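These notes are about the structure you will find just below.
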Amino acid sequence: MIFDLTRLPDDFIENPHPYYAALRECDPVYEMPGGGLFLTRHADLVRVYKDRQTFSSDKKVEFYPKFGDSLLYQHHTTSLVFNDAPLHTRVRRAIAGALAPRAIVGMDVVVRQLVDGLVNDLAARRQAGKPIDAVAHFAQNIPIEVIGNLLAIPRAEREPLRDWSLAILGALEPEISQQQFDEGENAVREFLAYLEALVARRRTEDLEAAGDIMARLIRETGEAGEDANLLPHELLQNCIFILNAGHETTTNLICSGIFLLAQRPQIVAQLAENPELWPAAIEEILRMESPNQLGNRRAVADFELGGRSWPAGTLITLGMGAANRDPAMFDQPDEFRLDRGDNQHLAFAGGVHVCAGNSIARIEGQIALASLFRRWPGLQVEGGLRRSPRVRFRGFEFMPLTLDGGA
Ligand code: HEM
């Protein structure tokens, strides 16, 4: 079987799972035509995530040929997710406190209010006979507010954030056009200028007691030579990363949840009877349609995998979408089951880079989907829906809904 991430079959975006299954069965440590390995087994991904001495997240070698001396290069290679220690450790330590479960107690109340407002807006659109798009009129509005609050971005200034974020993440696709590059580059430029001004404003305030992520990062920042954890450009680039990290992923979690549940009325009925099963449903959605389908690491030492040895320098693509349907880990992996118990999916990756916002994403997903299906248990996804054409991020650009079975 030939599988090339830069030349995928036409039906791959619609349903990549048969391709992933074939790779997992026939060639789980697959050498891609352009070089590098594509991994599809759960156990292999876990092994790579855990061994950070061998498998690096630093992307400088990989991104330089793609991005050259650009702002996109600076941005991605300064983000904590694409770094190893010490930068990763410094940034992660600074932000972990703001994202930990105990720091976000009470966030559910804010998310519930936001979602209630959006559900009421949907009801008004339905009443007025207007078309309803699950992406634009519901899902995408939730993470933007939540992350805006976490970083204390003034509400009136949030509008451009989503487009910047999409343009910057779009440039991470395995193959990009000049237009995608230019859009990503402009987005980093505008985002940096915006954040520089915002940080300058924040510095005039009393930040000592402020608990938001930006205040925490500003407190860690100083000029070179000072006793500080972050340099000013590291502060800005990591604020951009955190603002980006939770937008599209969480929007896609919610939309994939709508898509999967709308096809499974028995599961919706079970959830209506037993709302305490919602957390299990969210884990199944994350497992079956992982918002991040692919991750990368680069080997910095020789290693063994799949019964062979591989040299330092090997680029590894981690197929999370594939590993999350590995039958060696999950019984009946293509079935949506609320009784999986300990669902060890890898939608949030693993090891030291495990998603720092996973508790927040779970809260958003659960409140959004439970509220929507409580109000319209019979909601239907209509024809004409459009999937996002990206390989790395699985989700939707447009999802028309008919809201049924409720008021
Ligand atoms: C369903 C939603 C989400 C998914 C599927 C997701 C997935 C991921 C994955 C797979 C990684 C690790 C990438 C790697 O190392 O290869 C990651 C890292 C990260 N995510 Fe998320 N994420 C989500 C939502 C969020 C949210 C809401 C936030 C913040 C508010 C967030 C913040 C971060 C941060 C800061 C990192 C970097 C962690 C590190 O490198 O140590 N994520 N996420």
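Can ALA210 be described as in a helix (DSSP H, G or I), of a type in the set (Gly, Ala, Ser) and either in contact (Cβ under 8 Å) with a residue 12 or more places away in the chain or touching a strand residue (DSSP E or B) at 6+ places or on another chain (Cβ under 6 Å) (or both)? So ALA210 fails the test. On the given criteria, is GLU183 over 29 Å from SER371 (Cα atoms) and either over 23 Å from the mean Cα position of the chain (by Cα) or open to solvent by 60 Å² or more (accessible area, probe 1.4 Å) (or both)? Taking the combined requirement at face value, the residue satisfies it. A residue that is surrounded by 21 or more Cβ atoms within 10 Å (Cβ to Cβ) and modelled with pLDDT of 95 or more occurs somewhere in the range 112-120. Taken over the range 337-358, residues that are more than 8 Å from the ligand (Cβ to nearest atom) and under 21 Å from the mean Cα position of the chain (by Cα) amount to 4. Scoring ALA96 on the criteria (1) touching a helix residue (DSSP H, G or I) at 6+ places or on another chain (Cβ under 7 Å); (2) among the small types (Gly, Ala, Ser); (3) surrounded by fewer than 18 Cβ atoms within 10 Å (Cβ to Cβ) leaves a single failure, condition (1). As a summary of the residue check, ARG375 satisfies the conditions (1) within 16 Å of the ligand (Cβ to nearest atom); (2) under 18 Å from ALA134 (Cα atoms) except for the one numbered (1).
Candidates ALA272, ALA280: the one that is open to solvent by 60 Å² or more (accessible area, probe 1.4 Å), more than 22 Å from PHE82 (Cβ to Cβ) and small (Gly, Ala, Ser) is ALA272.
Of the residues screened, ASP182 is one that is out of contact with any Leu (no Cβ under 7 Å at 6 or more places or on another chain), at pLDDT 95 or above and more than 16 Å from the ligand (Cβ to nearest atom). Of all residues in the range 354-381, those that are open to solvent by 10 Å² or more (accessible area, probe 1.4 Å) have Cβ atoms under 6 Å from Cβ atoms of residues that are within 13 Å of the ligand (Cβ to nearest atom) and assigned to a loop (DSSP other than H, G, I, E, B), 6 or more apart or on another chain, in VAL354/PHE348; CYS355/PHE348; GLY357/GLY246; ASN358/PHE348.
The range 230-296 holds helices (runs of 4 or more DSSP H) entirely within its bounds, and those carrying 1 or more residues that are within 12 Å of the ligand (Cβ to nearest atom) map to 232-245, 247-262, 278-288. Pairing residues of the range 237-263 that are open to solvent by less than 10 Å² (accessible area, probe 1.4 Å) and small (Gly, Ala, Ser) with residues that are more than 9 Å from the ligand (Cβ to nearest atom) and not in a helix (DSSP H, G or I), at Cβ distances under 6 Å and at least 6 apart in sequence or on separate chains, gives SER256/GLU289.
Apart from one condition, GLN74 fits all of (1) in contact with a Phe, Trp or Tyr (Cβ under 9 Å, 6 or more places away or on another chain); (2) buried (at least 20 other Cβ atoms within 10 Å of the Cβ); the exception is (2). Residue-level check: of (1) within 27 Å of LEU403 (Cβ to Cβ); (2) open to solvent by 10 Å² or more (accessible area, probe 1.4 Å), GLY341 misses just (1).
The values are calculated or read from the model by the stated rules, or taken from the named source; none is laboratory data. These numbers come from a predicted model, not from an experiment. Reconstructed Cβ throughout: ideal geometry from the backbone, glycine too, with neighbour counts over all protein chains shown. Calculation scope for accessible area: heavy atoms of the full protein, side chains included, ligands and nucleic acids excluded. Shrake-Rupley method; radii C 1.70, N 1.55, O 1.52, S 1.80 Å.
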